[in-house]
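Reading through the structure tokens given below for one structure.
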Number of protein chains: 2
Amino acid sequence: MKITVLGTGGGARAHIARLAELGHEVHVGTRDPRATLARTESDMMGTAPFGSWLADRPGIELHTFADAAGQGDLVINGIDGHNAVAALSGAADQLAGKTLIDYAVPFLYNPDIEHPWPTPWGTMPTLDPCDSDSLAEQIQRALPASKVVKGFVTQEQETVVDPKAVGGGDHTMFIAGDHADAKQAATDLLTAYGWDDVLDLGPLVSARGMEMYAHMHSAIGFALGFGTRFGVKVVR
Amino acid sequence: MKITVLGTGGGARAHIARLAELGHEVHVGTRDPRATLARTESDMMGTAPFGSWLADRPGIELHTFADAAGQGDLVINGIDGHNAVAALSGAADQLAGKTLIDYAVPFLYNPDIEHPWPTPWGTMPTLDPCDSDSLAEQIQRALPASKVVKGFVTQEQETVVDPKAVGGGDHTMFIAGDHADAKQAATDLLTAYGWDDVLDLGPLVSARGMEMYAHMHSAIGFALGFGTRFGVKVVR
């Protein structure tokens, strides 16, 4: 299958590598491919430059967002939450009719803070939108011809692509969306990643809770100790 | 132990009954005890009048909020989120120095809607405060001499007092607060209720995520079918 991943950060790389491993034809989108490939320094999170990462993975192609979106039959959005609506709107034609899985958390972008993640517990992240709207709903409104699924957002992407690494895989992944066929495509992908328990939370309005869960996720992460991998299982 | 429960709704009754069963001396607070006892009709949620419920439970005393707060060594707040700060502020003296466990979700009160719970999925609840503050932090600021613990809020109270009823009890309860001794008191109570896994999410700022989880909790509940009991387990 031809699958597009939009974004080149750590989460996007987890999907790119795993999708290639599963035998898919992977296309990657970035704002400016030449600028992305020209970077030679690790970023502030310690993530290696994408060019050197890609050099070890032949067969994966880097395009602009729009060109990459045009290639895939299914598209995974890994663009930062605060840039996502604008960037995706520029690829609306290429995304029309396609399943678009969005896992971004819409952290409120503050240019005075280098990254929005809290230190325990000095700075708490805040979200925009929140509570009465969600990023996923904003994306769906901006791209009415696409089929948006919110998914993957309640987990680190490294665990999304490798669920068995936590508790033998005995935990739950959530999806929501207004298009049943797109949710089935997302579920099929999650099953291929190794998920046994994918819980459909209904229409896209449930993305609000999935995005707002970012607060709980970070609090649990800090409670367990930074870097501890964990999952949440819906026990019923 | 002398334990006070503020509130007479379904959640409060779950605690009152269980605490009495565990042998505690239970004091219950309500705004106007005579008015509470005078009610003879079930409310819109189908909850029976408190007077008839209480009549079957000898030894449990009903007081005003302040008088009830003065009786307990530990206090559980089951007052509706939108009334909690005002009602608790009126009992600040009686609550000074005490552990105050708050499980309210601060649903935004809309007098035009009979109750704030969503129908799948016509009306989604919204929260006030949300994201950059929490009800628990508001209560702690309003009652600086009390020791507020946010807890119980990620579950139906019927399951909080009887965790073994779901998955044999193999799920997780969360607490947060700025006072270690108060969190220990809350943990001891949860252990008596039957909880094996109580996860301390750190300072009270983590109450934001616990309250915001209400969206996920309701979405999961609707996905599983209204009335299905479930828990969430942190798998690590």
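Normalised by the number of residues in chain B, the mean separation of alpha-carbon contacts (under 8 Å, six or more apart) gives a relative contact order of 17 percent. Counting only DSSP H runs of at least 4 residues, each contributing -39500 (n - 2.57), and dividing by the residue count of chain B, the helix-based mean residue ellipticity at 222 nm comes to -10000 deg cm²/dmol. Which value, in Å² rounded to 10, gives the accessible area of A:ARG141 with a 1.4 Å probe and all protein chains present? Spelled out: A:ARG141, probe radius 1.4 Å, area about 140 Å². Among B:ALA14, B:ALA219, B:ALA86, whose Cα projects farthest towards the positive end of the dipole of the stretch B:2-224, with charges put on the beta-carbon of Lys, Arg (+1) and Asp, Glu (-1)? Towards the positive end, the residue furthest out is B:ALA86. Taking a 21 Å limit on the Cα-Cα distance, which of the listed pairs B:LYS98/B:LYS150; B:LYS150/B:LYS233; A:LYS233/B:LYS164; A:LYS98/A:LYS183; B:LYS164/B:LYS233; A:LYS147/B:LYS233 fall beyond it? Exceeds cut-off: A:LYS147/B:LYS233. Summing +1 for each Lys or Arg and -1 for each Asp or Glu among the other residues whose beta-carbon sits under 11 angstrom from that of A:ARG229 gives -2.
For the stretch B:1-68 and the stretch A:1-39, what is the centre-to-centre distance using only Cα atoms, to the nearest Å? After rounding, the separation between the Cα centres reads 58 Å. Averaged per residue, the stretch B:2-224 has 39 square angstrom of accessible surface, using a 1.4 angstrom probe with ligands and nucleic acids left out.
The charge dipole of the protein assembly as shown, taken about the Cα centre with unit charges on the Cβ atoms of Lys, Arg (+1) and Asp, Glu (-1), comes to about 380 debye, rounded to the nearest 20. Ranked from largest to smallest solvent-accessible area, with a 1.4 Å probe on the protein heavy atoms, B:TYR103, B:TYR193 come out as B:TYR103, B:TYR193.
Across the protein assembly as shown, the convex hull enclosing all Cα atoms gives 138 Å³ per residue. Global size of chain A: 16.8, 50 Å for Rg and Dmax (C-alpha atoms, Rg to one decimal, Dmax whole).
Element breakdown for the stretch B:2-224 at a 1.4 angstrom probe: carbon and sulfur atoms account for 48% of the accessible area.
Label-point spacing at A:ALA38 relative to the other copies reads 7.9 nm, in ascending order, each point sitting 7 Å out from Cα along Cα→Cβ. Surface calculation, 1.4 Å probe, protein heavy atoms: A:ASP131 sits at approximately 10 Å² accessible. Straight Cα distances below 19 angstrom link B:LYS2 to the aspartates and glutamates B:GLU21, B:GLU25, B:GLU61, B:ASP67, B:ASP73, B:ASP93, B:ASP102, B:ASP181, B:ASP188, with same-chain residues fewer than 8 positions distant left out. For the options A:PRO58, A:PRO163, A:PRO33, a Gaussian network treatment of chain A with springs between C-alpha atoms closer than 10 Å singles out A:PRO58 as fluctuating the most. Springs join every pair of Cα atoms under 10 Å in this Gaussian network model of chain B, and among B:MET45, B:MET212, B:MET173 the largest mean-square fluctuation is at B:MET45.
The values are calculated or read from the model by the stated rules, or taken from the named source; none is laboratory data. In this text, all values refer to a predicted model and were calculated from it rather than measured experimentally. Glycine gets a Cβ as well: all are built from the backbone with ideal geometry, and neighbour counts include every protein chain shown. The accessibility values were calculated without ligands, DNA or RNA, using every heavy atom of the protein model including side chains. Shrake-Rupley method; radii C 1.70, N 1.55, O 1.52, S 1.80 Å.
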